[in-house]
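The values are calculated or read from the model by the stated rules, or taken from the named source; none is laboratory data. The structure presented is a predicted model; accordingly, all values stated were derived computationally and were not measured. So basically every Cβ, Gly included, is an ideal-geometry build from the backbone, and we count neighbours across all protein chains shown. The accessibility values were calculated without ligands, DNA or RNA, using every heavy atom of the protein model including side chains. Shrake-Rupley method; radii C 1.70, N 1.55, O 1.52, S 1.80 Å.
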Amino acid sequence: MPEQYQVSGRNAEAISESIESGIRRGTIDIGAHLPTIRMLAEVLEVSPATVSKAYTHLRHRGLVEADGRRGTRVRHRPAVATPRSGLSLPVPADLVDLSDGEPDTAVLPPLNVDICWVADRLGPPVGYAQAGAMPELTDAAGPRLARDGVPMENAAVTVTSGTLDAIERLLTVHLRPGDAVAVEDPGWANLFDLLAALGLRTLPMAVDDEGPIPEAMRDAVAAGARAVVVTSRAQNPTGAAVSARRAEELREVLSGRPGVLVVEDDHAAELARVPLHCIGPVTGSWAFVRSASKPFGPDLRIAVLAGYEATIARVVGRMRIGSGWVSTILQSLLLRLWENDEVVTRVADAAGRYEHRRHGLLDALEAHGMRAHGTTGINVWVRVPDEARAVGVLRDAGYAVAPGSLFRIDAPPGIRVTVSRLNDEHIAPLSAAIAGAARPARLATPSR
Ligand SMILES: Cc1ncc(COP(=O)(O)O)c(C=O)c1O
């Protein structure tokens, strides 16, 4: 935490408000560690129990999290408005930024032509009574998902404002604060932050290249998980894709657990170059989310949500009471993007480029004797003995990567390298730098 930010307050409420205000204004950075309880209690001349209560309050509200022996730190996405720049770790302009997990905006389809196409065909304004998920879009989504192997017989389809919106809605209508959710570990940092903000507990499931490890899911479900969230392909940060065999094993783990909500996140969607293996409806509640963010751009803020009729009906009903629906203008645009052959070709081209960049780095690392992970998607995950050292060594070599601590609960340390914008000329120096960064620090030779 920066020296200049003075936490104030004489009671737990005032202390937590002071910290919240620092996070909101950006004077306390994302990822910053708060002072130890004892140190802050001394400075504020209050009891350690008062500071501890303030920290617990901030934790329950999803603003901070425990960071093992290092204490308490501000979450990656705290549940309070922060400056947008605060959402990622600051990267100096002279570094090659491989830390952000973003798609390459240069290969996304430009939307202007399709927006004009939609605008030219807009009918009269849509009122409250007619609005909702557009039948033209949901009718097109059904066969599209079925072709990829999503079991669409008897499935309902609706539309949400992206994956996290779909997951948030599913969890709030099916679970209660304090319930536990099984999540991949390492896993998607934004999902961890969302669960914290909803007051839900996380139960980590270890992952390998084929998805969550069945025993880990079995343990999480036995420990009381009321929901499991599985990334179908391009798992963030490891790039794992659920294999046919793994999907079968996970179905077996989940069968006989009617009370567990199964959520499948297929955010790689049209960009994925490996087949989809869906877990499907094996418990009492099931939903499958396909976002438009990666193939068509995160700013679209739209996803298609399919699943059991009862699971989806709860989401639709709750949404109707609140935000209502996703604008039909946006839904028309997604439908157009799906049906425009030029866009389809462009997305296929982007998928090829990501594949080339990812394989380029994986192969170069292998030549250094390192086996990194990245079966699909835009990230490569590299196990390292010491994250802080690895991130520091890579910074000195000119590369910013994401520390694995953002994505880990119990998983061993690593770094996430986003390859979406990686140029061929960086692959050799970057892989050499990663190989150096992953080596344990050499003991200093005592001078004689
Ligand atoms: C695992 C995972 N799921 C989904 C998404 C997309 O989320 P949204 O649809 O909310 O943009 C991302 C984006 O990085 C992701 O990493």
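What the Kirkwood sum gives for the stretch 250-362 is a hydrodynamic radius of 16.2 Å, with every pair of different alpha carbons counted.
Charged neighbours of L422, selected by a Cβ distance under 14 Å, balance to -3 (K, R count +1; D, E count -1). Size check on the stretch 1-123: the Cα extents along the three principal axes, sorted descending, read 65, 41, 25 Å. From the alpha carbon centroid of the stretch 5-26 to that of the stretch 295-324 is 36 Å.
Beyond 33 Å, what share of the Cα-Cα pairs of the chain remains, rounded to the nearest whole percent? Of all Cα-Cα distances in the chain, 40 percent exceed 33 Å. With protein chains left intact and a 1.4 Å probe, residues in the chain average 46 Å² of accessible area per residue. Summarising the amide proton neighbourhood of I302: residues at separation of 5 or more, or on other chains, whose placed amide H is nearer than 5 Å comprise G162, A292, S293. Across the accessible surface of the stretch 110-160, with the other protein chains kept in place and a 1.4 Å probe, carbon and sulfur atoms take up 58 percent.
Return the calculated 222 nm mean residue ellipticity for the chain, to the nearest 500 deg cm²/dmol, obtained by summing -39500 (n - 2.57) across DSSP H runs with n ≥ 4 and dividing by the residue count. Here the helix-only value at 222 nm equals -12500 deg cm²/dmol. In terms of its C-alpha gyration tensor, the stretch 131-204 comes out prolate, because a/c is 1.5 or above and the ratio a/b outweighs b/c. The spacing between the stretch 137-193 and the stretch 200-239, judged by their C-alpha centroids, is 15 Å.
Computed from label points 7 Å out along Cα-Cβ, the spacing between H33 and E17 is 2.9 nm. Using a probe radius of 1.4 angstrom, the carbon and sulfur fraction of the accessible surface of the stretch 269-351 is 53%.
Just in the stretch 8-58: which trypsin sites (Lys or Arg not before Pro) are loop by DSSP and have at most 12 other Cβ atoms within 10 Å?
In loop regions of the stretch 8-58 (DSSP not H, G, I, E or B), the sparsely surrounded trypsin sites (Lys or Arg not before Pro) are R10.
Can you check what the net charge comes to around D363, using other residues whose Cβ is under 15 Å from the Cβ of D363 (Lys, Arg +1; Asp, Glu -1)? Neighbourhood net charge equals 0. Legend: calculated FRET efficiency, V91 to H368, from the Cβ-Cβ distance at R0 = 35 Å, rounded to 0.05, equals 0.90. The order of Y5, Y55 by accessible area, most exposed first and with a 1.4 Å probe, is Y5, Y55.
If we count every other residue with Cβ under 15 angstrom of L276's Cβ, Lys/Arg +1 and Asp/Glu -1, where does the sum land? Combined, the nearby Lys, Arg, Asp and Glu give +2.
Rounded to the nearest Å, what's the spacing between the alpha carbon centres of the stretch 374-422 and the stretch 251-266? Just the number, please. Cα centroid to Cα centroid, the span is 30 Å.
Close amide-amide hydrogen proximity is noted between L261 and A227, V228, each under 5 Å apart and 5 or more residues distant or on a separate chain (H modeled in the peptide plane; Pro and chain starts excluded). The Rg/Rh ratio of the stretch 100-243, with Rg taken over Cα atoms and Rh as the Kirkwood radius over Cα pairs, comes to 1.03.
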